[in-house]
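Visitor: I'd like to ask some things about the structure below.
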Amino acid sequence: ELSEAGLPKAQVEAMTKRETDRYLQSNPISQKLGQEARRNWIKGVPHHWMLDWSTPFPLFVADAKGATLTDADGHTYDDFCLGDTGSMFGHSPEPVAKAIAAQSSHGLTYMLPTEDIIAVGSLLENMFGLPFWQVTTTATDSNRFVIRWCRAITKRTKVLVFHGAYHGAVDDTFVRMKNGRAIHRPGLIGQVYDLTTHTKVVEFNDVPALEAALKDQDVACVITEPALTNIGMVLPQPGFLDALQSLCKKTGTLLVIDETHTISTGFGGYTRTHHLKPDFLTLGKPVAGGLPTAVFGCTADIAERMRAAEKEAGPGYSGMGTTLSANALQFKAMRANLEHVMTPAAYAHMLPLSEKLARGIEGEIKKRNIPWHVSNVGARAEFVCAPERPRNGTEAQAAMHGPVELAVHLYLLNRGLLIAPFHNMTLVSPVTTEAQVARLVTTIGQCLDELAA
Ligand code: PMP
């Protein structure tokens, strides 16, 4: 009997069982800490995403440096998850760690600027080609505030997202498409008003649908990643992003590019690498080397329109901003990171090595005639348990195979290899080594040998 992902179901189940037992046996300290944590933490964790791994209880971390992580039981891991992008340039990069340490006894947050904002402003402009910036604390906040600005500027109420997109915990984006219509994303907690009133959704790579959705000129902005990375991986088809840009322009719709994950593409993200011209660009996660920080940037024209919108709104509360945003510590970390870590030289290491990883995994898949494939955007590579590259969110969703992914993730984790717990994502950092990549490729091959037997 075949499982959905082209592998014998019995093998997948046997591996999951054996690897679960192995995890239970080899992590007694994590298990004990996990039990103790249940006294005070809901479901035993301070943030419920920590339960999204394939393990029967969370792996407790003792230490992390570069692309290596050590758990509470003393095992070391080659880390290809890297905090799901927050540590994409390595754990505690030296310049960032030093900058944080140096600032730590000089005040952490004042709600006043420091001299660092001058340097960071020009670093951001140099990296992304956009002149004006603001700092927030998470990519979620950047996206939420940018959507507000887009509505204020355009005086339109609606936003458009692509089916399968994720932009953080932003209410306006929590829709999916069903039978061509927007619905609430299944599973939302406490959602009491109808998100579909103001949010449209179409499939990625579907130009006619996008054109139809924008033609009434009631959409304030399209917010998207240039390649969808939160539902497996959906790459833009040739011409799609050009069409998106020109349709936005034609209909007066603002374009927001969320680079939070696609910053993996190269220096300056997908936007710079592929010469996109967004009105707004948002970026969180790795921008300050792992310290909670995010930014959004815009063109001079948009900055002017923001000023006008603000004037029109009159005095009062804008609905944007959080107290700890743009604090002195964030700026020290961001400055060190942008000056010394997130550099073209870093990408010169990451990109070819990730390519090697992607082609290596692809080779292991092909050798065994398994109907899977591999996609990558720069330093982010993903193996997908289906033969064809998905063209949109619906196809990408259909290509996800929970039970197989669970077995593979556990197999790898038990052998000292971490990949992201959500689908099959790997990140290569500037300090990831050839040996680490070779080990991941070989171990995936061994795993597939067993699964396909
Ligand atoms: N945008 C994208 C593209 C993301 O993938 C994520 C998180 N996965 C976010 C925004 C939100 O980031 P955060 O959870 O740090 O707010």
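The values are calculated or read from the model by the stated rules, or taken from the named source; none is laboratory data. As the structure is a prediction and not an experimental result, all values here were calculated from the model. FYI the Cβ positions are ideal-geometry reconstructions off the backbone, even for glycines, and counts take in every protein chain you see.
Visitor: Being within 15 Å of the ligand (Cβ to nearest atom), farther than 21 Å from residue 427 by Cα and not in a helix (DSSP H, G or I) narrows it down to one of 325, 318, so name that one. Give the steps one after another, and end with the answer.
Guide: Working: 318 fails: within 15 Å of the ligand (Cβ to nearest atom).
None of the other options fit; the residue is 325.
Visitor: Now for a different question. From 214, 210, 235, 195, grab the single residue that is under 18 Å from residue 265 (Cβ atoms) and not aromatic (Phe, Trp, Tyr). So that I can check it myself, show each step before the final result.
Guide: Details: 214 fails: under 18 Å from residue 265 (Cβ atoms); 210 fails: under 18 Å from residue 265 (Cβ atoms); 195 fails: under 18 Å from residue 265 (Cβ atoms).
Exactly one residue qualifies, and that residue is 235.
Visitor: Quick test for you: out of 120, 159, 175, 135, pick the one residue that is under 16 Å from residue 293 (Cβ atoms), within 16 Å of the ligand (Cβ to nearest atom) and at pLDDT 95 or above. If you could, list the steps in order and put the result at the bottom.
Guide: Working: 120 fails: within 16 Å of the ligand (Cβ to nearest atom); 159 fails: under 16 Å from residue 293 (Cβ atoms); 175 fails: under 16 Å from residue 293 (Cβ atoms).
After applying the criteria, what remains is 135.
Visitor: Mind checking which pairs have a first residue in segment 231-249 that is among the β-branched types (Val, Ile, Thr) and a second that is part of a helix (DSSP H, G or I) and crowded, with 21+ Cβ neighbours inside 10 Å, Cβ under 6 Å, 6 or more apart or different chains?
Guide: 231/393; 231/396; 234/396
Per-residue answers, yes or no, for (1) out of contact with any helix residue (DSSP H, G or I) (no Cβ under 8 Å at 6 or more places or on another chain); (2) small (Gly, Ala, Ser):
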residue	(1), (2)
14	yes, yes
24	no, no
34	no, yes
54	no, yes
58	no, no
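Visitor: Mind counting the residues in segment 328-375 that are exposed (fewer than 14 other Cβ atoms within 10 Å of the Cβ) and in a loop (DSSP other than H, G, I, E, B)?
Guide: 2
Visitor: Which count do you get for residues in segment 268-318 that are surrounded by fewer than 18 Cβ atoms within 10 Å (Cβ to Cβ), within 20 Å of residue 150 (Cβ to Cβ), of a type outside the set (Ser, Thr, Tyr) and out of contact with any Phe, Trp or Tyr (no Cβ under 8 Å at 6 or more places or on another chain)?
Guide: Total meeting the criteria: 11.
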